[in-house]
1. Which three extents, in angstrom, do the Cα atoms of chain A have along their principal axes, listed largest first?
2. Interface size between chain C and chain D, please: total buried accessible area, 1.4 Å probe, rounded to the nearest 100 Å².
3. Sequence-distant or interchain residues sharing an amide H contact under 5 Å with C:T2, placed H: which?
4. In a solvent-free Debye calculation with one equal scatterer on each Cα, what is log10 I(q)/I(0) for the protein assembly as shown at q = 0.08 Å⁻¹, listed in the order of the q values?
5. Show me the three semi-axes of the equivalent ellipsoid for chain C, from the C-alpha gyration tensor (sqrt of 5 times each eigenvalue), largest first, rounded to whole Å.
6. Check cross-link reach from B:K402 to the lysines: straight Cα distance under 19 Å, and skip same-chain residues fewer than eight apart.
7. Ranked from the most accessible area to the least, with a 1.4 Å probe and all protein chains present, what is the order of B:K37, A:K106, B:K431?
8. Around A:T221, which amide H atoms from residues at least 5 apart in sequence, or from another chain, sit under 5 Å from its own amide H, with H modelled in the peptide plane?
Amino acid sequence: MYNFFDQLFVALGAWLVGLVVAAGNGVSKLCCGQPMSEAAAHNVAAGTQVVLICVTIYGVFALCFGLATWLERKMLARIQNRYGPNRVGPFGLLQFVADGVKMLTKEDIVPARADKLVHFLAPAIVLAPALLMFGFLPFGRNMAPTDLDTAVIAFFAVGAGSELALFMAGWGSRNKYSILGALRAVAQMISYEIPLVLAAVPVVMIVGSLSTSQIVAAQGTDSFLDVKGWFVWTPWGFAGFILFLIAATAESNRSPFDIPEGESEIIAGFHVEYSGFKFALFFMAEYLGMMAMAGLGVTLFLGGWHGPKLLPSWAWFMLKGFLIVCWLIWLRGTLPRLRVDQLMAFAWKAMLPFALFNIFATAVWFYLPKTTFLQSAVAWIITAALVVAAYLVISRFVSRRAGAPRVYRYAS
Amino acid sequence: MEPATHIPWIASHLWLIPLLPFLAGGVSALLPRRCRKLSAGLAIGAIGISTLLSFCALAESILRGLLPHAGRQWSAMQTHEAWHWLTEFTWFSYGTTSLKLGFVLDPLTAAMATMVSFVSMLIFIYSLGYMDRDKNFTRFFTFLSLFAGAMLGLVVANNLLLFFICWELVGVASYLLIGFWYHRPSAAAAAKKAFIVTKLGDIGFFAGLLWLYHATGTLQFYTPDHTGALEQATALAGLPGIMGLSLAGTIALLIFCGAVGKSGQWPLHVWLPDAMEGPTPVSALIHAATMVAAGVFLVARTYPLFQASPQVLTLVAWIGAFTAIMAATIAIAQNDIKRILAYSTVSQLGYMVMGLGVGGMAAAMFHLLMHGFFKALLFLGAGSVIHGCHNEQDVFKMGGVKKHMPVTFWTYFVGTLALAGIFPLAGFWSKDEVLTAAFNWGGGWFHKGPFALGCIGVFLTAFYMWRQVCLVFLGEYRGEKATVGHKQVGHEEAETQHETVPGVPHESPAVMTVPLVILAIFSAFMGFSGLPEHANLIHHFLSPEHAPHHVNWFVIATASALAFAGLGVGHLLYGVKPLAADEPDPLKAKLGKLRDFCRDKWYWDELYEATVVRFANIAAVVVDLGDRLLDGVTVGMGLLARGLSFINDKFDEHAINRSFDGSCGTVRLMGRCFAALQDGRVQSYLRLVAVAAALLAFWFFLK
Amino acid sequence: MTTLAHFQILASLLFVIGLFGAVTRRNAIVVLLSIEIMFNAANLSLVAFWRYSPHPEQLSGVMFAIFGITIAAAEAAVGLALVIVIYRYYKSIEVDGMRSLKG
Amino acid sequence: MDTAFIILSLITVAGAVWAVTLRNLIHAVLSLVLFFFGIAGFFFYLNADFVGWVQILVYVGAVAILAIFAVMLTHNLTAEDEPGFFSLRWLTGMAIAATVGAVLWFAIRSNAAMSQTAPAGVASNVADIGRKMMTDWVVPFEVVSLLLTAAMIGAIVIAMEQISHRK
């Protein structure tokens, strides 16, 4: 029974592929009088699989995007003692449909002096990485869209593309605020990409592979509970997870790291000059990026789709991902926005050294013997002590300056 | 030779002895200035542990050397074999051969290491008090540790190269320490002088080292398979060298050059008195334990090479004897308390070298060890006096210090008697050993020469030491009462140091006097380790293969009589009627010009100065003459050319100019063309590079 | 079927385009970009050689390409930093203007 | 030649040509990004996945952004006084490029090994690359690390405005 639900979508996919191949054979027999050759059948099956994966990702995550916007509005409303959307559908659940319709029907304004081509291309390009990133995550048992040898680095490489798109949006608009926002966004994302990648390095070191499937497999156990192997339970994994969450928040330009679109400073930044469906694309890209980051966090640290065998694996993945999304929303509702210099200083002076030290601690962990329980405990304590010591030292240096007023170097 | 598995722990960990001070020096080099206690603690702790280890090594050696057999009876100590424990390691390999370094533990190492580390430790502790106010306290201890470490490394080395490395490190450390107060021009000059003069000797040493390696293929002193450099000495003695010497003799002579430089033997002794510019603990360290002992130790270490060549030994003996007597005569006419001691050191080193030369290796080493104790004592005592007298170094401005500094006086007194060779203090026994060895050397008057010179030296030693004691400690204080501003030679912060009680000498703190007392005890009683006849432990220990001397009552009587005579004469001149302030040296009246000759150090410095300067002058004159000659030729040629050109003028003007102008124009044009290429634009260069690369490639393909 | 020659010709074409830019353009940034093009062309050539080599397991071409990318990144960072500094001094980044070594 | 090769060639060549010729610097940089993607595509096509991703990560994610920042910081959005298409400068450049291109063409054409087709089953494995990098290539790896560090510090030091000047 469990396996049925667990493998439901896999089976469904296999059945659909079989259906298409059978149909192709039928068509082939009708035209040429014989079934497709082996190679052709293989190609058709592969092509169908690709189409299926794309359609699934588009469909599922577009829906998830809608759900996430609803969730965000609801949660923020709760935090701010309001009701939030509650008119369209039960609990306002269909609000995003209404929003989508509104966006589609709005006028598409392009500034007169805008760089038309760049302005046009930017929203499309900004969405592409956000969607592509899902292609590298295993959503459940046997449910990896691709099984690349290089998945983790591919994820980050694809993510790097979105910085360019943001810049294109800002620059194409011919608007000072836009370009300021774009440059801020790019600088911030470049800065936080380094701790983000470095936070993932310990996992890659321990697993010995960049493949997300193998990383997930390395965190699995055969037990019913299946939570013991999650990397978040190790000291370096925990530290890496925290680092990853912070960097991911900054990477998806979310509060408290949302200075690229700070309304009070640069009136929404790089997408000021976008309206209608193009704006919706930016909106969608932000949420999809956030969810993809959450998915990677789940994959790297929270055991991927592993979990107590009460729910199917894909459900565990979704649940954990949405938990991280909820955490991000909560963060947005709670914390004030950072200053630019604080943001940069934090990335370079706190996150980077700590991430590097975490790698060192991971190496220590790797070489400590862990065959008996006692040895594991000792290794755990040693690594934890290292990480905590690093945290204490670095946080002392950071907190010394964090509250200081801003020093203006280039303007007075 | 015992198998390697049986060697004791300390023998295989001998490298710890030099390493610890090195480490301490390295760490305190990184410490900031304010970490004074930490730096001093590190240095003293390291040298303390080294001392302990050295004592371990000594104990092991004594057990092995003196009591090797079952039953451990007293007579069993007469084993007639040399022995040593070795450890080896490979420094690097080239091809199939490898350069090995190593450490050796034998009686020589053990005795020397113990003396060096122990005396160094006391000096370190003393420095705590002496350098108390100095701003660069940390730096001082860094250098001290380096110095001691280098010296100990040299002592335990089983390899001439390692020995040489440490030897040079000793030189560097001495340079740093002598020039410690580098803001004083005289200190900087003295440091340079010490470094350069010793380097002169080191050239010979290095040449000898290379030659030895060429001749034997190894630099290990001893190897487990008895193919070490020293173990091949007899073989080398059969080969021809230079100047009629055997190969062994040649190499020994070259190595002796190094010893002459480091141990301040004539003619390279000039640096040693100048080295007084360093802080007094440094002087003590240089004169007692480290630097100058290195030279004597080098000869003792490579003694088999010397033994293989009687001519070189003769030379060594005469140089030693000459140095001993020369330095002693200089010492009697000096005013500076430290300078007197410095010349005394040169003189005593002369004794040691003489002892080596006359075949008494054990005697020389015995004297070296004993001298280490009482000379350290004397120097530290002198330092204490200087410290107490507000950085006054002129003995004529002291006097009556006994009242104010009793501990210093009594310890100094013991040191003086020990140095003078008064029974039964250390100097008596060791000097007697040396003189006995000299007396027993060969036959004929020529071979009695060193002995005779040594005897005169005994008299002079006793004389100048007693002169010094009288001038410094007896009588009334002759210094200026207000010496606050007096800082002819002083600490960095002399102004602030003694403001409270100007004018009156005061006793030094315990941290300075306790080392003095310890050293005094050693100076007094260590001599008994070398009683003549069968109880001569040192002799048995250091060179078991040579039968110990019998007691030579003639030598003992002569030396003692001369020593007492020296003390007596000194007391008559200086002690009976203490000098008043500004009263001239009574020696002036007695000796006249001879005294000036001694006071001016036999004009060695002037001699060197004159020869060097003259050589430079002559060279300059020669070059100048050549210059003038060339000038004349040039001028003549010019005149000639002028005449010729006058003749050619018309021809030039019409026939050549026209064509020349034409070619000039062409050149200029081409120059402009090429200059256009060199326009400073990076892209032009890039274009040229691309075209050139393309052309090259075309040429390559078409070829 | 694609042969090694195809890749090498393409790589040389790209290299030549980069060279053309580096030689022709006046703007220092574009010159740097052209140099990046040349780097990439070389990397492409190297990887193609690896793909067609008889001993692909030695990964030489790939390694070269990775190191090449690393060095190109370092070069770009330093080069563009220099461009910015030059701009601060001259208020211009025309390469023709930079003719003397004096700042 | 197959379709993928043709498409990728068109992308790369077009990107490169635009990057080199466009007046608008931002457009040039964006064309360069296109070119980078094309090259990355070639790397995938050649089964060198890892290099391809590194190409995207480094060039698109870092070098292109760096170039954009340089353009922004030098207030130099369009290269106004670039010489025209038929100026001497362009003609020289073309001649030089043509010469070098001819040499390369000649070299490639004269080599028989160039006509071979791709052997099957050649692929780069990340684990192999990592292992190679830590064994056979460890010295270049360390050297490059050092170079990168030096370049990073150098770039910061060069570009950092002298604070003392401002104060």
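The values are calculated or read from the model by the stated rules, or taken from the named source; none is laboratory data. Quick caveat, the model's predicted, so the values are computed rather than measured. All Cβ positions, even for glycine, are placed from backbone atoms using ideal geometry, and neighbour counts span all protein chains on display. Heads up: the accessible areas ignore ligands, DNA and RNA and are worked out on the full protein's heavy atoms, side chains in. Shrake-Rupley method; radii C 1.70, N 1.55, O 1.52, S 1.80 Å.
1. Computed over the Cα atoms, the extents are 82, 70, 41 Å.
2. Roughly 6900 Å².
3. Result for C:T2 returns D:D2.
4. Once normalised to I(0) and log-transformed, intensities are -1.01.
5. Its equivalent ellipsoid spans semi-axes of 34, 16, 7 Å.
6. B:K338, B:K481, B:K577
7. Most to least solvent-accessible, the answer reads B:K37, A:K106, B:K431.
8. Residues meeting the amide H criterion: A:G229.
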